[in-house]
Amino acid sequence: MKPKMRESADKRPSGNEDVRKEMASFLRALHSYPERFARNPGLSFEEHCSALARTGKAESRRRA
């Protein structure tokens, strides 16, 4: 039973990997926000960032 638990734990990203992914996502949002804001001035950065996060999660599910 313990080897299976280790296998599943090995497949999960480490804390550092999670932080790096979150930072990369934030930087992508920061980079793309001015263009999106130009098209939709009522959009807050938080809304933009959240929309990208939802899109990213959906894409990662498709790849798996």
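A few notes on this one:
- Candidates G56, G42 - the one that is at pLDDT 90 or above and not aliphatic (A, V, I, L, M): G42
- From the options R20, R28, R36, residue that is surrounded by 11 or more Cβ atoms within 10 Å (Cβ to Cβ), touching a His at 6+ places or on another chain (Cβ under 6 Å), part of a helix (DSSP H, G or I) and at pLDDT 80 or above: R36
The values are calculated or read from the model by the stated rules, or taken from the named source; none is laboratory data. What you see is a predicted model; the values in this text were computed from it and never measured. We place every Cβ from the backbone using ideal geometry, glycine too, and count neighbours over all the protein chains shown.
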